[in-house]
Structures are given as structure tokens and as C-alpha cells.
Amino acid sequence: MVRRARRINRELAEIYPYAHPELDFRNPFELLVATVLSAQTTDLRVNQTTPALFAAYPTPEDMAAAVPEELEEIIRPTGFFRAKARSLLGLSQALRDEFGGNVPGRIEDLVKLPGVGRKTANVVLGNAFGVPGITVDTHFGRLVRRWKWTEQEDPEKVEAEICAIFPKSEWTMLSHRVVFHGRRICHSRKPACGACPIAPLCPAYGEGETDPEKAKKLLKYEKGGQPGQRLSPPPDYPGLPAPPLGAAQEAPDGS
């Protein structure tokens, strides 16, 4: 299992050399806020919402002083906006009062912030601070169970078991590759098995569409010739940038 898992990771690295966090951000604070907003919605919808949010509140100090109703209105498109606004106000106030307006670079500090759990903390550490971590979101958990890397359902137990399979240096990029694959090819309800480059390594091959032509039609984002989730993708991203809010209908999440 370990040999197969590591080979799948190597194959994914060749398929997605451009794998990256699919939230737009320019600094640790923006990534932290965007990750909190990403709960129960798509990264695309978050990316379409955050330009106005960070124009209004560019720093923790600014957001900590926000009028709750005005903050709620800006983040309304991401859903659960009242609860998310409470988290953003709370974490911004904590950053201002306890960390000098800076996002801390330790998981012990991050998970104490309102609305921040291990998943969010690992996203921020891995992508804003270069601290390796496994990010167990719904896509990651689903695929590693489908590939028989773990049978665990609890995200912390999944994280621990996957960390034991791979060297620490691989953790952050492994997370991106698996999530990319889950969003583009290995979908929850109908995986595109017939168009999957790692099909020969997959113990779950056949759960989805195996006909190559039919499977090709299931591919999403750049694999299906559609825009990605970021309005400002990295330079090496081979797909199209996502449209701003209201410019086009939102693409499906691919879960």
C-alpha cells in the first residue's frame, strides 16, 4: 500500500505540476480569511467575494473594527455569512490584540483563533509560511479512502495516518495534488475512471465511467477546458482564470 501510495503521488506530481492553493491571497492574513470563508462553499465563490472584502478591510486592525452588518453583507455570497462574520471579527481582534496584527506561524496559536481548526491552520502554515502539513478537506479524505490509504473518517486520524506514509517535505504539495485530482477527475458521484491517468494504480477503478469518451466529458476545470477557481491563478496554471462575481455563472465544485 505504501509503495502504491507513493507511486500515485509521483504520478500526480507529473499530472499536476502546477498544483496550488485555489484561494486567491497576497499575504497570510488574506489566506487565513479566505480559508475561513471557504467552509461550505466553493473556492471560486470565495475568490469572487474577497476582492471587495480586502478593499474594505485590508488589515486585521481594519477588519476588527468593522461594523458587523457591513461585513456580513460583503461576505453574504459565501453562505453562513453571520457565523463567518463572527469568526472573522473574532480572529481579527485576536490578531490585533494578541499577535501585534500578524498571523502567527505556529499551529498551536492558529487553532486558538475563532473559526480556525487544524485544516485551516495547515492551509495557512503550508502555503503562507512554508511549514509542511496535510490538509484534510472533503476531497482529500474521500480520495485517500477510495485509494485504501486509510479507513479513518475523522480528519485528525486521516491526517496522522497519511503523514506516516509520506516524507514531511511532500505533505503540502501532496494535499494540493490530491485535491486537484478530486475536483477535476476523481469526482464523488461519478469519477471519470476512463480518463484517469492513474487508473492502473487505483483499487477503486470501475466505480465511475470507464468509457474513455464518456469519461472525458466528465472532466472539470482546466482538464475539461473550463475556467479554474482563481481569478488570479499562478503564472504556470494552464487553464483560464475564473470570472469575477456576476460575470458568469459559477462553475460546479466537482465534488
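The values are calculated or read from the model by the stated rules, or taken from the named source; none is laboratory data. None of these values were measured; they are calculated from a predicted model. For neighbour counting, all protein chains shown are included, and Cβ atoms are generated from backbone atoms with ideal geometry for every residue, glycine included. Each accessible area value is taken on the protein alone, full model and side chains, heavy atoms only, with ligands, DNA and RNA left out. Shrake-Rupley method; radii C 1.70, N 1.55, O 1.52, S 1.80 Å.
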Given (1) of a type in the set (D, E, K, R); (2) assigned to a helix (DSSP H, G or I); (3) open to solvent by 30 Å² or more (accessible area, probe 1.4 Å), number of the condition residue 183 does not satisfy: (3)
Residues that are assigned to a helix (DSSP H, G or I), of a type in the set (A, V, I, L, M, F, W, C) and either crowded, with 18+ Cβ neighbours inside 10 Å or modelled with pLDDT under 95 (or both), drawn from the range 36-80: 36, 37, 44, 46, 53, 54, 63, 64, 71, 74, 75
Residue 211 of a type outside the set (A, V, I, L, M) and closer than 19 Å to residue 23 by Cβ: no
Residues being modelled with pLDDT under 95, open to solvent by 50 Å² or more (accessible area, probe 1.4 Å) and closer than 28 Å to residue 147 by Cα - total across the range 197-254: 1
Among the residues listed as 124, 116, the single one being touching a residue at least 60 places away in the same chain (Cβ under 8 Å) and either surrounded by fewer than 20 Cβ atoms within 10 Å (Cβ to Cβ) or assigned to a loop (DSSP other than H, G, I, E, B) (or both): 116
Lone qualifier among 131, 103 - being surrounded by fewer than 20 Cβ atoms within 10 Å (Cβ to Cβ), touching a residue at least 24 places away in the same chain (Cβ under 8 Å) and either small (Gly, Ala, Ser) or not in a helix (DSSP H, G or I) (or both): 131
Any hit, the range 198-217, residues being within 18 Å of the chain's Cα centre (by Cα) and not aromatic (Phe, Trp, Tyr): no
